[in-house]
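Have a look at the structure below before the remarks.
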Amino acid sequence: MTLNAIQTLAFTAAVVYLGRYLRTRLPFIMKYNLPSPVIAGFLVAAVLALLKTNNIFEITFDKAAEQGLMIAFFASIGYSASFRLLKEGGRAVVLFLILAVIGLLLQIGAGVGAALAMDLPPLMGVLTGTVALVGGPGTALAFGPAFEAAGIKGASVIGLTSAMGGILLGGLVGTPLATYLIQKKNLTYPKSKETPSSDQVTLLKSFPNRDLLLHILALTLIMGLGTALSSWINDLGVTLPIYIGSMIIAAVVRNIEDIRPTFKISSDWIEEIGQVALTLFIAMAIMSLRLEELKNAALPILIFLSLQTVLVALIAIGPSFWYSGKDYDSAVTSAGYVGFMMGTTANAMANMSALVDRYGSAPRAFLVVPLVGACFIDFINAALITLCLNYL
């Protein structure tokens with residue numbers, strides 16, 4: 001059975017509904033704040049894999065909308081990159097960026113060490129580590145041909161499988177880990193002025209349709225200009241994820257608005273639209289995982305994933321939590337750290353959103369993690385991957 005793009009999007013919406021239902025019904029999900037799109041998506045992917053493996057039933061998804069959802073979300077994150085806000089959290093951003101870079105180097109070192117121990121090419125450890133995990137599916141596919149040219153047979157498939165496994169593990173590990181920190185250390189989560197009250201939510205819902213239309217149009221224009229910028233950057237020979245251009249354009253527009261409001265674009269509306277795109281993107285990415293391929297993948301890939309998961313979790317529960325302040329915001333930041341170090345920034349945001357939905361606002365975490373995970377780390381990661389390709 002083949003679902004076209006619209007049907008796939010509708011199927012994704014059903015998965016989101018399923019996740020929200022399961023979250024309210026299963027105590028385990030509520031206790032550990034597991035992101036509902038991840039839980040439902042994984043459940044659907046597991047059922048579909050079982051049916052396919054036994055030659056009972058198979059669904060093929062047309063995920064044409066996935067890239068657009070991803071770009072829309074990252075454009076909304078780019079619009080949050082205000083220099084005015086950056087001044088408020090400058091030191092926290094720098095410290096977290098340093099931790100992220102250290103994490104990248106440790107991922108490379110652990111991957112290369114494990115590859116050598118298993119008598120595999122060192123680049124296999126890089127591919128299944130920083131390329132697939134921090135880079136995500138897009139980076140894995142973008143760098144796949146280069147790794148194949150360097151001697152890693154089937155690099156694109158290996159990288160994509162590792163990336164999908166990383167997204168799954170990042171979603172399953174990050175939020176329970178932060179929940180453990182919150183409960184174990186009895187962290188407080190005070191109501192912030194940025195946490196919307198019921199009156200504010202009502203006001204948000206009462207915005208006229210014209211405002212929603214204008215903000216969707218604005219975000220669409222940002223995405224169009226951003227993808228054109230990304231194509232131009234790639235033409236220069238610099239391989240970066242396609243959403244980077246949209247983030248740059250969105251950040252430029254946001255800072256123009258901060259200096260002199262011209263387009264009257266509300267960050268609240270952009271964030272709301274971005275959250276919708278995030279939910280659908282995560283659900284679509286997880287539900288379409290080919291778990292039978294992960295099961296049939298070579299044992300080394302599973303070893304790499306296990307090793308990297310333990311490494312990232314230790315950094316998150318240790319240095320990331322300690323140097324972020326050892327408070328509630330720090331615990332939420334640690335969940336985000338696991339998300340983007342094992343998958344994508346969208347994964348990080350899903351982890352953190354699951355926590356704040358229950359415990360309350362974490363403004364510092366939502367400032368620091370997107371800026372590092374979405375704005376800075378991709379550039380650094382691409383540079384390190386290029387160095388590894390040249391020297392390993």
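Here, each number is a calculation from the coordinates, and none is a lab measurement. These numbers come from a predicted model, not from an experiment. Here the Cβ is made from the backbone with ideal geometry for all residues, glycine too, and neighbour counts use every protein chain on show.
Couple of notes before you dig in:
- The C-alpha atoms of the chain define a longest principal axis, and helix 5-25 lies at about 80 degrees to it.
- Between the range 87-152 and the range 318-350, the alpha-carbon center distance in angstrom: 18 Å
- Helices in the chain, meaning DSSP H runs of at least 4 residues, each add -39500 (n - 2.57). Divided by all residues, the mean residue ellipticity at 222 nm is -24500 deg cm²/dmol.
- Against the chain, whose longest principal axis comes from its Cα atoms, helix 64-78 is set at around 60 degrees.
- Gyration tensor verdict on the chain (Cα atoms; rounded if a/c is under 1.5, prolate if a/b is larger than b/c, oblate otherwise): rounded
- When only alpha carbons are used to place a centre, the range 49-75 and the range 155-175 end up 15 Å from one another.
- The chain: relative contact order in percent, alpha carbon pairs under 8 Å with at least 6 residues between: 31 percent
- For the chain, the longest principal axis of the C-alpha atoms and the axis of helix 36-53 are separated by about 30°.
- Estimated inter-spin distance, W322 and L217, nm [label 7 Å along Cα→Cβ]: 5.3 nm
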